[in-house]
Amino acid sequence: MPKLVIYGTGLIAEVADYYFGMDSPYEVVAFTNAREFIKDDAFRGHPVVPFEDVERLYPPGDHAIFVALGYAKTNKIRQVRVGETKAKGYECASYVSSRAHCFGEARGENCFILENNVIQPFVTIGSNVTLWSGNHIGHHSRIGDNCFISSHVVVSGACDIGPNCFLGVNATIQDNVKLGAFVVVSPGAVVKRDCDERSVVQPPESTARVIPRDVI
(Lines give C-alpha, C1' and ligand atoms only; values in the text may rest on other atoms or scores of the structure.)
Protein backbone atom coordinates (compact mmCIF):
# COMPACT_ATOMS: atom_id res chain seq x y z
CA MET A 1 0.00 0.00 0.00
CA PRO A 2 1.53 3.35 -0.99
CA LYS A 3 2.31 5.76 1.86
CA LEU A 4 0.92 9.29 1.90
CA VAL A 5 1.82 12.47 3.76
CA ILE A 6 -0.83 15.20 3.76
CA TYR A 7 0.32 18.82 3.60
CA GLY A 8 -1.84 20.90 5.92
CA THR A 9 -3.53 20.57 9.30
CA GLY A 10 -6.76 22.48 8.71
CA LEU A 11 -10.30 21.48 7.81
CA ILE A 12 -9.46 20.46 4.24
CA ALA A 13 -6.58 18.31 5.49
CA GLU A 14 -8.98 16.61 7.90
CA VAL A 15 -11.43 15.92 5.06
CA ALA A 16 -8.60 14.66 2.85
CA ASP A 17 -7.44 12.26 5.55
CA TYR A 18 -10.96 10.84 5.80
CA TYR A 19 -11.36 10.31 2.05
CA PHE A 20 -7.87 8.95 1.39
CA GLY A 21 -8.20 6.66 4.40
CA MET A 22 -11.64 5.32 3.49
CA ASP A 23 -11.62 5.25 -0.29
CA SER A 24 -8.15 5.11 -1.83
CA PRO A 25 -5.16 2.79 -2.11
CA TYR A 26 -3.07 5.16 0.03
CA GLU A 27 -2.19 4.81 3.69
CA VAL A 28 -1.93 8.19 5.42
CA VAL A 29 1.12 8.08 7.69
CA ALA A 30 1.78 11.72 8.62
CA PHE A 31 0.90 15.38 8.16
CA THR A 32 3.27 18.19 7.35
CA ASN A 33 3.22 21.97 7.45
CA ALA A 34 5.68 24.83 7.52
CA ARG A 35 7.37 24.86 10.90
CA GLU A 36 5.94 28.27 11.81
CA PHE A 37 2.36 26.98 11.46
CA ILE A 38 2.71 23.79 13.53
CA LYS A 39 0.89 24.05 16.87
CA ASP A 40 0.73 20.36 17.86
CA ASP A 41 2.96 17.39 17.17
CA ALA A 42 0.02 15.16 16.16
CA PHE A 43 -3.16 15.50 14.11
CA ARG A 44 -5.87 12.87 13.66
CA GLY A 45 -3.62 10.28 15.28
CA HIS A 46 -0.64 10.89 12.98
CA PRO A 47 2.58 12.83 13.57
CA VAL A 48 2.90 16.37 12.25
CA VAL A 49 6.38 17.11 10.92
CA PRO A 50 7.92 20.35 9.62
CA PHE A 51 7.91 20.55 5.86
CA GLU A 52 11.51 21.71 6.10
CA ASP A 53 12.42 18.21 7.40
CA VAL A 54 9.85 16.02 5.66
CA GLU A 55 12.14 14.43 3.07
CA ARG A 56 14.48 13.20 5.82
CA LEU A 57 11.67 11.63 7.85
CA TYR A 58 9.42 10.45 4.99
CA PRO A 59 11.62 10.10 1.89
CA PRO A 60 10.07 10.91 -1.50
CA GLY A 61 10.97 7.54 -2.96
CA ASP A 62 8.70 5.83 -0.46
CA HIS A 63 5.99 8.44 0.05
CA ALA A 64 3.68 10.70 -1.93
CA ILE A 65 2.27 14.01 -0.70
CA PHE A 66 -1.18 15.51 -1.15
CA VAL A 67 -1.36 19.28 -0.64
CA ALA A 68 -4.67 19.77 1.19
CA LEU A 69 -5.12 23.54 1.14
CA GLY A 70 -8.02 25.74 0.04
CA TYR A 71 -8.53 28.57 -2.42
CA ALA A 72 -6.89 31.47 -0.56
CA LYS A 73 -5.41 34.14 -2.86
CA THR A 74 -7.15 32.50 -5.83
CA ASN A 75 -5.44 29.17 -5.19
CA LYS A 76 -1.94 30.66 -5.33
CA ILE A 77 -0.92 29.39 -1.90
CA ARG A 78 -1.86 25.82 -2.80
CA GLN A 79 -0.09 26.22 -6.15
CA VAL A 80 3.13 27.39 -4.49
CA ARG A 81 3.05 24.53 -1.97
CA VAL A 82 2.62 21.99 -4.77
CA GLY A 83 5.64 23.48 -6.50
CA GLU A 84 7.69 23.24 -3.31
CA THR A 85 6.59 19.64 -2.83
CA LYS A 86 7.63 18.65 -6.34
CA ALA A 87 10.95 20.46 -5.92
CA LYS A 88 11.70 18.07 -3.06
CA GLY A 89 11.17 15.15 -5.43
CA TYR A 90 7.71 14.00 -4.31
CA GLU A 91 4.90 12.67 -6.42
CA CYS A 92 1.71 14.62 -5.70
CA ALA A 93 -1.13 12.18 -5.13
CA SER A 94 -4.70 12.68 -6.38
CA TYR A 95 -7.98 11.46 -4.94
CA VAL A 96 -10.96 10.57 -7.13
CA SER A 97 -14.02 9.34 -5.27
CA SER A 98 -15.35 5.91 -6.15
CA ARG A 99 -18.75 7.64 -6.15
CA ALA A 100 -17.79 10.15 -8.83
CA HIS A 101 -18.92 9.46 -12.40
CA CYS A 102 -15.87 10.07 -14.57
CA PHE A 103 -16.20 9.33 -18.27
CA GLY A 104 -12.79 10.78 -19.04
CA GLU A 105 -9.45 10.28 -17.32
CA ALA A 106 -7.49 13.29 -18.60
CA ARG A 107 -6.48 14.94 -15.35
CA GLY A 108 -3.30 16.11 -13.64
CA GLU A 109 -1.75 15.59 -10.21
CA ASN A 110 -2.82 16.82 -6.76
CA CYS A 111 -6.46 16.73 -7.77
CA PHE A 112 -9.25 16.24 -5.22
CA ILE A 113 -12.50 15.03 -6.83
CA LEU A 114 -15.25 14.19 -4.37
CA GLU A 115 -18.50 12.22 -4.58
CA ASN A 116 -21.32 12.83 -7.05
CA ASN A 117 -19.24 14.75 -9.55
CA VAL A 118 -20.27 14.01 -13.13
CA ILE A 119 -17.37 14.49 -15.53
CA GLN A 120 -18.57 13.92 -19.07
CA PRO A 121 -16.56 12.57 -22.02
CA PHE A 122 -13.76 14.61 -23.57
CA VAL A 123 -13.24 16.75 -20.46
CA THR A 124 -9.69 17.78 -19.58
CA ILE A 125 -8.81 18.60 -15.98
CA GLY A 126 -5.46 20.17 -15.14
CA SER A 127 -3.26 19.70 -12.10
CA ASN A 128 -4.03 20.85 -8.55
CA VAL A 129 -7.78 21.05 -9.20
CA THR A 130 -10.40 20.62 -6.47
CA LEU A 131 -13.91 19.53 -7.42
CA TRP A 132 -15.94 19.51 -4.24
CA SER A 133 -19.07 17.33 -4.20
CA GLY A 134 -21.94 17.30 -6.68
CA ASN A 135 -20.70 19.23 -9.72
CA HIS A 136 -21.44 18.72 -13.43
CA ILE A 137 -18.56 19.23 -15.85
CA GLY A 138 -19.94 19.18 -19.38
CA HIS A 139 -18.48 17.44 -22.41
CA HIS A 140 -15.43 18.92 -24.17
CA SER A 141 -14.80 21.39 -21.36
CA ARG A 142 -11.36 22.21 -20.01
CA ILE A 143 -10.58 22.99 -16.37
CA GLY A 144 -7.20 24.73 -16.04
CA ASP A 145 -4.57 24.15 -13.39
CA ASN A 146 -5.06 25.30 -9.79
CA CYS A 147 -8.84 25.76 -9.94
CA PHE A 148 -11.27 25.26 -7.06
CA ILE A 149 -14.85 24.36 -7.98
CA SER A 150 -17.15 24.20 -4.97
CA SER A 151 -20.40 22.23 -4.76
CA HIS A 152 -23.33 22.01 -7.19
CA VAL A 153 -21.64 23.98 -9.95
CA VAL A 154 -22.68 23.43 -13.57
CA VAL A 155 -20.00 23.88 -16.19
CA SER A 156 -21.83 23.38 -19.47
CA GLY A 157 -20.42 21.88 -22.64
CA ALA A 158 -17.28 23.14 -24.37
CA CYS A 159 -16.36 25.68 -21.69
CA ASP A 160 -12.79 26.79 -21.04
CA ILE A 161 -12.06 27.57 -17.39
CA GLY A 162 -8.68 29.28 -17.07
CA PRO A 163 -6.08 28.57 -14.39
CA ASN A 164 -6.59 29.63 -10.77
CA CYS A 165 -10.34 30.24 -11.09
CA PHE A 166 -12.78 29.87 -8.20
CA LEU A 167 -16.40 28.89 -8.89
CA GLY A 168 -18.76 29.34 -5.94
CA VAL A 169 -21.62 27.10 -4.85
CA ASN A 170 -24.48 26.81 -7.37
CA ALA A 171 -22.70 28.83 -10.05
CA THR A 172 -23.60 28.08 -13.68
CA ILE A 173 -21.35 28.56 -16.68
CA GLN A 174 -23.23 28.60 -20.00
CA ASP A 175 -22.08 26.56 -23.01
CA ASN A 176 -18.95 27.69 -24.87
CA VAL A 177 -18.04 30.36 -22.29
CA LYS A 178 -14.38 31.08 -21.64
CA LEU A 179 -13.09 32.33 -18.28
CA GLY A 180 -9.65 33.91 -18.14
CA ALA A 181 -7.15 33.17 -15.40
CA PHE A 182 -7.94 34.10 -11.78
CA VAL A 183 -11.66 34.66 -12.38
CA VAL A 184 -13.87 34.48 -9.27
CA VAL A 185 -17.51 33.47 -9.80
CA SER A 186 -19.66 34.19 -6.77
CA PRO A 187 -22.20 31.65 -5.44
CA GLY A 188 -25.35 31.50 -7.55
CA ALA A 189 -23.98 33.52 -10.47
CA VAL A 190 -24.98 32.60 -14.04
CA VAL A 191 -22.16 33.35 -16.47
CA LYS A 192 -23.41 33.86 -20.02
CA ARG A 193 -20.40 35.45 -21.69
CA ASP A 194 -16.63 35.28 -21.69
CA CYS A 195 -14.82 36.85 -18.73
CA ASP A 196 -11.47 38.58 -18.86
CA GLU A 197 -8.62 37.58 -16.58
CA ARG A 198 -9.03 38.61 -12.92
CA SER A 199 -12.73 39.38 -13.22
CA VAL A 200 -15.23 38.89 -10.40
CA VAL A 201 -18.70 37.74 -11.40
CA GLN A 202 -21.45 38.67 -8.93
CA PRO A 203 -25.22 38.09 -9.13
CA PRO A 204 -27.26 41.10 -8.02
CA GLU A 205 -30.75 39.63 -8.03
CA SER A 206 -30.75 37.28 -11.04
CA THR A 207 -28.36 38.83 -13.58
CA ALA A 208 -24.63 38.30 -13.23
CA ARG A 209 -22.31 41.23 -13.82
CA VAL A 210 -18.56 41.25 -14.35
CA ILE A 211 -16.35 43.48 -12.24
CA PRO A 212 -12.73 43.68 -13.43
CA ARG A 213 -10.16 43.64 -10.66
CA ASP A 214 -6.53 44.64 -10.59
CA VAL A 215 -5.19 42.35 -7.90
CA ILE A 216 -5.51 38.67 -7.05
message: I'd like to check something: does the stretch 196-215 contain any residue that is modelled with pLDDT of 95 or more and either acidic (Asp, Glu) or over 30 Å from Ala13 (Cα atoms) (or both)?
response: no
query: Would a scan of the stretch 104-114 turn up a residue that is of a type in the set (Asp, Glu) and at pLDDT below 95?
result: yes
task: Of all residues in the stretch 43-95, count the ones that are under 19 Å from Leu131 (Cα atoms) and in contact with an Asp or Glu (Cβ under 7 Å, 6 or more places away or on another chain).
output: 2
message: Return the pair list, or none, for Cβ contacts closer than 9 Å from residues in the stretch 66-93 that are free of Cβ contacts under 8 Å to residues at least 40 places away in the same chain to residues that are of a type in the set (S, T, N, Q) and surrounded by fewer than 24 Cβ atoms within 10 Å (Cβ to Cβ), at least 6 apart or on different chains.
response: Cys92/Ser127
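With the condition kept exactly as written, say whether any residue in the stretch 80-92 is small (Gly, Ala, Ser), surrounded by 19 or more Cβ atoms within 10 Å (Cβ to Cβ) and at pLDDT 95 or above. I'd like the intermediate steps shown before the answer.
The initial filter retains those residues of the stretch 80-92 that are small (Gly, Ala, Ser), namely 83, 87, 89.
Then drop every residue that is not surrounded by 19 or more Cβ atoms within 10 Å (Cβ to Cβ), which leaves none.
No, the stretch 80-92 contains no residue that is small (Gly, Ala, Ser), surrounded by 19 or more Cβ atoms within 10 Å (Cβ to Cβ) and at pLDDT 95 or above.
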field: Residues of the stretch 71-116 classified as polar (S, T, N, Q), closer than 21 Å to Pro2 by Cα and not in a helix (DSSP H, G or I), total
entry: 4
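Just to be sure I understand, how many residues within the stretch 138-152 are hydroxyl-bearing (Ser, Thr, Tyr) and under 14 Å from Gly162 (Cα atoms)?
Let us first name the residues in the stretch 138-152 that are hydroxyl-bearing (Ser, Thr, Tyr), namely 141, 150-151.
The next check asks that each one be under 14 Å from Gly162 (Cα atoms); those that pass are 141.
Counting residues in the stretch 138-152 that are hydroxyl-bearing (Ser, Thr, Tyr) and under 14 Å from Gly162 (Cα atoms) gives 1.
Taking the stated definitions as given, is Asp40 out of contact with any Cys (no Cβ under 9 Å at 6 or more places or on another chain), among the acidic types (Asp, Glu) and either part of a loop (DSSP other than H, G, I, E, B) or not assigned by TED's automatic domain parsing to the domain that holds Ala64 (or both)? It would help to see each step written out before you state the result.
Values: out of contact with any Cys (no Cβ under 9 Å at 6 or more places or on another chain): yes; among the acidic types (Asp, Glu): yes; either part of a loop (DSSP other than H, G, I, E, B) or not assigned by TED's automatic domain parsing to the domain that holds Ala64 (or both): yes.
Yes.
The values are calculated or read from the model by the stated rules, or taken from the named source; none is laboratory data. A quick note: this is a predicted structure, and the numbers were derived from the prediction, not measured. Because the Cβ atoms are built from the backbone with ideal geometry, glycine has one as well, and the counts that use them run over all protein chains shown.
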